[in-house]
Amino acid sequence: MRIPIYQIDAFTNEQFRGNSAAICPLTEWINDDLMQKIAAENNLSETAFFVKTDDEYELRWFTPKGEVDLCGHATLAAAYVICTYLDENLKSITFRTKSGLLGVSKDSGLFTLSFPSREGEKCETPEALIKGLGKVPKEVYRSRDYMAVFDTEQDLLDLELNMDELKKLDGFGVIATAKGNEVDFVSRFFAPKAGIDEDPVTGSAHCTLIPYWKSTLNKNELVALQLSERGGKLYCTDLGGTVKMSGEAVSYLEGYINV
């Protein structure tokens, strides 16, 4: 079997920055075990597979360790592949996913994702979170992920990480966030249980970040920066039950997998 593969850097307009995702268009679904093996072989934070059905695309995302229910950068990358290689005239896409219907619109080179809001609930700070980040946050919230809020951007850069401790937490991942120096807010994201020690740019984490910072800063339009080594910028809007994230993408690789 020959499967097309594209590697796309998302939430950036430069190669080798943003977050890299592998995208595999399929004519029909292959078995889950093979998709997981391909994702593990790619060893990127996400490998996404999609199948066109009528006017929609079914979309699934896999980390090297397992399937996930929501992923922003691989959704943006899948939309980029569809609009760049498969249908250049397409301006909007509907993806059917484990998190319901997700919309992506394209305006020039900017892709805008419409995702469900996942507002966190304030909670006690787990000891493993403190040990895992090497610093006590000023407050912690919980949705799919734990979100640790710090005072300054420098606090996020100074974290002393212990992935073994973070693996003890019962959430999917850990968001660390603070008010930005030159943008509205900054963040980092860690998901060692999913085989991702630090994710370069995490769209799904912003489903929790956006409603928090909307409430904290009292503004609906926000600019965010993820402080990973590769870095990535997101233009965010809070619409109540929905959040929007906009970003660019650039192609790195196109080829075939032989399995």
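Taking Cα centre as origin and charging only the Cβ of basic (Lys, Arg, +1) and acidic (Asp, Glu, -1) residues, the dipole magnitude of the stretch 36-167 rounds to 320 debye. What whole number of Å gives the distance from the Cα centroid of the stretch 5-56 to the Cα centroid of the stretch 178-222? Taking the Cα centre of each part, the stretch 178-222 and the stretch 5-56 sit 23 Å apart.
Could you work out the relative contact order of the stretch 121-238? I mean the mean sequence separation of Cα pairs under 8 Å and 6+ apart, divided by the number of residues, in percent.
Details: 238 pairs, mean separation 22.7, N = 118.
Computed value for the stretch 121-238: 19 percent relative contact order.
Sequence-ordered 3J(HN,Hα) estimates for the stretch 245-259 from the Karplus curve with 6.51, -1.76 and 1.60 and θ = phi - 60° stand at 10, 10, x, 9, 8, 9, 7, 10, 8, 9, x, 9, 9, 10, 9 Hz, glycine and proline given as x.
When DSSP assigns beta bridges and you keep just the ones with both residues in the chain, what percent turn out antiparallel, to the nearest 5? All intermediate terms of the calculation are to be shown ahead of the outcome.
Working: 65 of 80 bridges.
The answer is about 80 percent antiparallel.
Within the stretch 121-238, DSSP assigns beta bridges of which about 75% are antiparallel (rounded to the nearest 5).
For the stretch 120-259, what is the per residue volume of the convex hull drawn over the alpha-carbon atoms, in cubic angstrom? If you can, show how the numbers build up before the last one.
Values: hull volume 19.1 nm³, N = 140.
Convex hull volume per residue, Cα atoms: 136 Å³.
3J(HN,Hα) along the stretch 8-17: 10, 8, 9, 6, 6, 10, 10, 4, 6, 10 Hz, from the Karplus curve 6.51 cos²θ - 1.76 cosθ + 1.60 with θ = phi - 60°, whole Hz, x for Gly and Pro.
Only Lys, Arg, Asp and Glu carry charge here, each on its Cβ (+1 for the first two, -1 for the last two); on that basis the chain has a dipole of about 220 debye about its Cα centre. Here's the picture: charge each Lys and Arg Cβ at +1 and each Asp and Glu Cβ at -1 in the stretch 121-238, and of GLN154, THR125, ASN220 the one pushed furthest to the positive end of that dipole is ASN220. Take the Cα of ILE257, step 7 Å toward its Cβ, do the same at ASP69, and the gap between the two points is 2.4 nm. Centroid-to-centroid, using Cα positions, the stretch 109-165 and the stretch 72-97 are 29 Å apart.
In this Cβ point-charge picture (+1 for Lys and Arg, -1 for Asp and Glu), the stretch 175-220 has a dipole of about 220 debye about its Cα centre.
Read-outs: derived from the displayed coordinates by stated rules, not from any lab. In this text the structure is predicted, and so the values were computed from the model without any measurement. In this analysis, Cβ positions are derived from the backbone assuming ideal geometry, glycine residues included, and neighbour counts consider all displayed protein chains.
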